[in-house]
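Step one of this worksheet: look at the structure below.
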Amino acid sequence: MTVKIYIPTPFRAITRNQATVEVEGETIQHLIEALEAEYPGIRERVFDEAGEIHRHINIYVNEIAVENLKGKDTALVEGDEVSLIPAIAGGAIPFTEEQIKRYSRHIILPEVGGKGQRKLLNSSALLVGAGGLGCPAALYLAAAGVGRLGIVDFDLVDLSNLQRQILHHTHDLGRPKVLSAVDSIGDINPDVKVEPHQAQLSSENVKEIIAGYDVIVNGCDNFPTRYLLNDACYFLKKPMVDGSIFRFEGQVTVFSPGKGCYRCLYPAPPPPGLVPSCAEAGVLGVLCGIIGSLQALEAIKLILGGGDPLVNRLLFFDAMTLEFRQVKIRRDPECPVCGDHPTITDLIDYHEFCGVPQGQVVS
Amino acid sequence: MFKLEKRFATEIIDHARAEAPNECCGLLAGENGTILQLYRCDSAEKSAYRYYLDPKDQLRVMRELDEKGWELLGIYHSHTHTEAYPSKTDVELAFYPDALYFIVSLEKPSEPVIRVFRINDGNITEEDVMIGQ
């Protein structure tokens, strides 16, 4: 059977400048052999030494790629049109010299490698709160080369923050926290694009803000935001690394959509005023570094897709006894948000739910 | 000296920005060494470090060029994080020695840079380019 073959420009020197030639062949393999007989030099352009189609050559029969048919054994019928198409491809090298050096300690880890580092550079994380937990988490995520970091915080840097909120410096007093975060992160790693969101998360803006990020790192310090973020992450299928601190104790867990959420653990907030805030009860500064760093670690693991993330496990840390304990947690089939018969299917009014007046939120 | 009309330079930069952080790619065609048309193409690999011009787009454009009697003059792609110079991958996968390879860099997003090269059998030769009306 006679088949028309489209010859790409780089091969036309072989076919005496003809854009199409006609030869006979029962299959692609036969066709190329027949072509070779008439125009020597074609075969080695199409097949590699093992006799397989070169990876950079695309062959189409009519409009269908032979990789979706039977490859070189694809049968041909009279009147078929075969096109040989050398790939047009390439791409920047994954890292600049500076990046290879900067991330060398990651790249030499087989579990990270160049591939993992590229994943980090192409990934994004959102830090909710640029406070005690958000600061250390942001620093490590930025240093690790997470390419895009969003930071949500509406607050200004206060002198009482500096005992633990290590993105902010004495000269930042009075500045928006998100802006001092931008400066500090830029100083550590100019590869990272920082996106400041100087806002208080609410039912109105939360979905829009979290939608653009791969992983959400929760470092907020109040119940309305915690429930709001939990629900929004579940609705938008975003993994969330949750952390909390109180005096000398901290907790960390990872909520992976469909595997349980904060409401499975704590279906309802405590009555307002029962649990004092850090401003009221105090918190050991360095504890924030430990818990925030654990959150950064879990976020990096989620991005890399390696190790065992802290999903369905709740980690407790006691700074005074220096003990880590873990408990298993499960998705609650009765959960109003992620259970089998959810009763909450969209965002609600979280201030009302928590019995906290609007605007009473600290970082 | 290769003359690149400003409208094509602008379109290459616009395309690169639209696809960023991923690399974009496309083809430039015309006759007698003068570019008459730019074809934006899809990259089959959506990546910041890779482009692979969709063979279907390629086939479509090549057919159109043959009908019009035009030739493939250039292949463009973007480097979104690095300079406008052919990478090792670009050189290894340069199968069109007669085409000019245009690389637009968005390394500094507000100052895109376009440079033009011939890549033949592993050798890179830079062409002088003048961007004009």
Check off (1) over 28 Å from the mean Cα position of the chain (by Cα); (2) free of Cβ contacts under 8 Å to residues at least 24 places away in the same chain; (3) within 19 Å of A:Ala137 (Cβ to Cβ) for A:Lys301 and give me the number that stays unchecked. (1)
Check every one of the helices (runs of 4 or more DSSP H) wholly within the stretch A:41-150 and list those with 1 or more residues that are facing another protein chain (nearest Cβ under 10 Å) and either among the aromatic types (Phe, Trp, Tyr) or under 30 Å from A:Thr2 (Cβ atoms) (or both). A:43-46
Test result for B:Tyr39, under 11 Å from the mean Cα position of the chain (by Cα) and either outside any strand (DSSP E or B) or closer than 27 Å to A:Ile64 by Cβ (or both): yes
Could you tell me which of the residues A:Tyr60, A:Tyr103, A:Tyr6 is within 30 Å of B:Asp42 (Cα to Cα), within 36 Å of the chain's Cα centre (by Cα) and at pLDDT 90 or above? A:Tyr60
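Acidic (Asp, Glu), in contact with a strand residue (DSSP E or B) (Cβ under 9 Å, 6 or more places away or on another chain) and either free of Cβ contacts under 8 Å to residues at least 60 places away in the same chain or surrounded by 13 or more Cβ atoms within 10 Å (Cβ to Cβ) (or both), is that true of A:Glu38?
It is true that A:Glu38 is acidic (Asp, Glu), in contact with a strand residue (DSSP E or B) (Cβ under 9 Å, 6 or more places away or on another chain) and either free of Cβ contacts under 8 Å to residues at least 60 places away in the same chain or surrounded by 13 or more Cβ atoms within 10 Å (Cβ to Cβ) (or both).
For the stretch B:80-133, give me the residue count where each residue is assigned to a strand (DSSP E or B), at the interface with chain A (Cβ under 10 Å from one of its Cβ atoms) and under 22 Å from B:Val61 (Cβ atoms).
Looking only at that region, the number is 3.
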Can you go through A:Gly292, A:Gly258, A:Gly307 and tell me which one is within 16 Å of A:Arg164 (Cβ to Cβ), touching a residue at least 12 places away in the same chain (Cβ under 8 Å), in the same structural domain as A:Val128 (by TED's automatic domain parsing) and not β-branched (Val, Ile, Thr)? A:Gly292
What do you reckon, is A:Ala296 small (Gly, Ala, Ser) and under 28 Å from A:Gly145 (Cα atoms)? yes
Say whether the condition of being over 15 Å from the mean Cα position of the chain (by Cα) and within 11 Å of chain A (Cβ to nearest Cβ) is met by at least one residue in the stretch B:1-9. no
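The values are calculated or read from the model by the stated rules, or taken from the named source; none is laboratory data. What you see is a predicted model; the values in this text were computed from it and never measured. Every residue, glycine among them, receives a Cβ derived from its backbone with ideal geometry; neighbour counts consider all protein chains shown.
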